[in-house]
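A short write-up of the structure that comes next.
The values are calculated or read from the model by the stated rules, or taken from the named source; none is laboratory data. The structure displayed is predicted, hence computed values, not measured ones. Neighbour counts are summed over all protein chains in view; Cβ atoms, including those assigned to glycine, are modelled from backbone coordinates with ideal geometry. All accessible areas refer to the heavy atoms of the entire protein, side chains included, with ligands and DNA or RNA removed. Shrake-Rupley method; radii C 1.70, N 1.55, O 1.52, S 1.80 Å.
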Amino acid sequence: MGEDGARQGLRARRCSGRSGFGPDTCACMDRDAGTRRRQVLGHLLGQGLALGSAWAAAALGGCTTTTTPGGVPIDTRHTSRGQDSRVLFLVIHYTVADLPMAIKILTENEVSAHYVLTDEPAPRIFRLVPEERRAWHSGPSAWKGHRLLNASSIGIEIVHRGFRIGPDGERIYLPFPQAQIDALIPLVKDIVARHEIRPERILGHGEVSPQFKQDPGPTFPWRLFSELGITPPWPDAIRVTAQQALFEAQPGGLPDVPWFQEMLAQHGYAIEKTGQLDTQMRNVLMNFQMRYRPARYDGLPDAESAALLWVLNNPMPGLPALPLPAPPALPAPPAPPARPASPPPAVPVLPA
């Protein structure tokens, strides 16, 4: 018997050993089993492809689909170019209160800030309000037409006493520890970079609310922030000196009150143009002086303050100042009297 015949005989014995089945019936069953195996394999393969497709869809969906806190599915695969941060301003404050009282006030009352910078030897930074939420830190506030800046700003409270009262009842403002400034600078840089806040929109509370605030006061190192490129360039001293000399050469020695009010408004302050040296104008001018001339901040107009305002509002050199009353023209000097003509010299005549 050949090899094929031996296999057929073995197969026949196996089939004959099954109750009620002959060799032909067994062959049919084997054919049916093969068909079933192919069907099962095909089904499993189909399921695998379906599962793979579902997994791929889920993986892709994980990159482009999210849900709202209420469970609403949101597809995020498309992004608009026309957008920016809701945060437009950064406002710097001091607390006056010490650290425990400041934390208590800022967490348990209807006033808050996004960040608190402590006055410890190694200062810490507390976040009290997430940046995407509005903190109640600036109150009635305005800058360059923007109002109620809580909705568009981030507030930083520096734990700092602010000032002490001198013997004559005057405020003596206290310096900021260098460790605090060293901790504040990277925080400000980080916030500004993430929200693309313009340098001219990094402000003190007294600038956006000048009628009832003065913080961070005249000892805050605004010039350092300018030198670091965080805030706008500092007024050029040569230009300020030259412009101050021009103002002092005018009749009366300085521009009038309406000029100051116009220039303060142009710089960004919310000020009523009353034409009078009233309390609201002095409050605004005092806050301006605290930032740009901290050696003297009496809120009174003077030629140096006028020069600082003009240079800040005209950052490009060579621009003329706003018109001021022209000095009176000096009379022309009298012409010198005419001198009589001298007779021509005689020509000697030689003898013939």
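Looking for something closer than 26 Å to D190 by Cβ, assigned to a strand (DSSP E or B), touching a helix residue (DSSP H, G or I) at 6+ places or on another chain (Cβ under 9 Å) and in contact (Cβ under 8 Å) with a residue 40 or more places away in the chain - is there at least one such residue anywhere in the stretch 79-87? There is no residue in the stretch 79-87 that is closer than 26 Å to D190 by Cβ, assigned to a strand (DSSP E or B), touching a helix residue (DSSP H, G or I) at 6+ places or on another chain (Cβ under 9 Å) and in contact (Cβ under 8 Å) with a residue 40 or more places away in the chain.
Yes or no, residue by residue, for (1) at pLDDT below 95; (2) of a type in the set (D, E):
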| residue | (1), (2) |
| --- | --- |
| E248 | yes, yes |
| L254 | yes, no |
| L264 | no, no |
| I271 | no, no |
| R291 | no, no |
| P294 | no, no |
| A341 | yes, no |
| P345 | yes, no |
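Of all residues in the stretch 96-116, those satisfying the criterion of being open to solvent by 30 Å² or more (accessible area, probe 1.4 Å) and either within 23 Å of L149 (Cα to Cα) or of a type in the set (G, A, S) (or both) are V96, I103, I105, T107, E108, N109, E110, V111. For D75, the test of being touching a residue at least 12 places away in the same chain (Cβ under 8 Å), among the acidic types (D, E) and open to solvent by 30 Å² or more (accessible area, probe 1.4 Å) is failed.
Going through L149, L228 one at a time, which residue ends up being closer than 22 Å to L88 by Cβ and either touching a residue at least 60 places away in the same chain (Cβ under 8 Å) or buried (at least 16 other Cβ atoms within 10 Å of the Cβ) (or both)? It is L149.
There is at least one residue in the stretch 191-203 that is farther than 22 Å from P221 by Cβ, in a helix (DSSP H, G or I) and of a type in the set (K, R).
All of (1) of a type in the set (S, T, N, Q); (2) part of a loop (DSSP other than H, G, I, E, B); (3) over 25 Å from Y297 (Cα atoms) hold for T107 with one exception: (2). Taking first residues from the stretch 298-315 that are over 20 Å from Q214 (Cβ atoms) and partners that are of a type in the set (D, E, K, R) and modelled with pLDDT under 95, the Cβ contacts under 8 Å between residues at least 6 apart in sequence or on separate chains come to A303/E248.
Would you pick out the residues in the stretch 124-138 that are open to solvent by 30 Å² or more (accessible area, probe 1.4 Å) and not aliphatic (A, V, I, L, M)?
Matches in the stretch 124-138: R124, F126, R127, P130, E132, R133, R134, W136.
Here is the figure for the stretch 252-278: residues that are open to solvent by less than 60 Å² (accessible area, probe 1.4 Å) and charged (D, E, K, R) total 1. Within the stretch 231-251, restricting attention to residues that are closer than 26 Å to T274 by Cα and among the polar types (S, T, N, Q), the residue that is surrounded by the most Cβ atoms within 10 Å (Cβ to Cβ) is Q243. Considering the conditions (1) under 22 Å from R86 (Cα atoms); (2) outside any loop (DSSP other than H, G, I, E, B), F247 is excluded by exactly one of them, (1). Restricting the search to the stretch 152-185, which residues are open to solvent by 30 Å² or more (accessible area, probe 1.4 Å) and under 25 Å from P199 (Cα atoms)? Of everything in the stretch 152-185, those that are open to solvent by 30 Å² or more (accessible area, probe 1.4 Å) and under 25 Å from P199 (Cα atoms) turn out to be P175, P177, Q178, A179, D182. With the condition kept exactly as written, say whether any residue in the stretch 240-254 is farther than 29 Å from H146 by Cβ and either touching a Gly at 6+ places or on another chain (Cβ under 6 Å) or hydroxyl-bearing (S, T, Y) (or both). Checked against the condition, which is being farther than 29 Å from H146 by Cβ and either touching a Gly at 6+ places or on another chain (Cβ under 6 Å) or hydroxyl-bearing (S, T, Y) (or both), the stretch 240-254 yields at least one hit. Of the residues making up the stretch 253-280, those that are farther than 24 Å from M316 by Cβ, in contact (Cβ under 8 Å) with a residue 12 or more places away in the chain and part of a loop (DSSP other than H, G, I, E, B) are G253, A270, I271, K273, T274, G275, Q276, L277.
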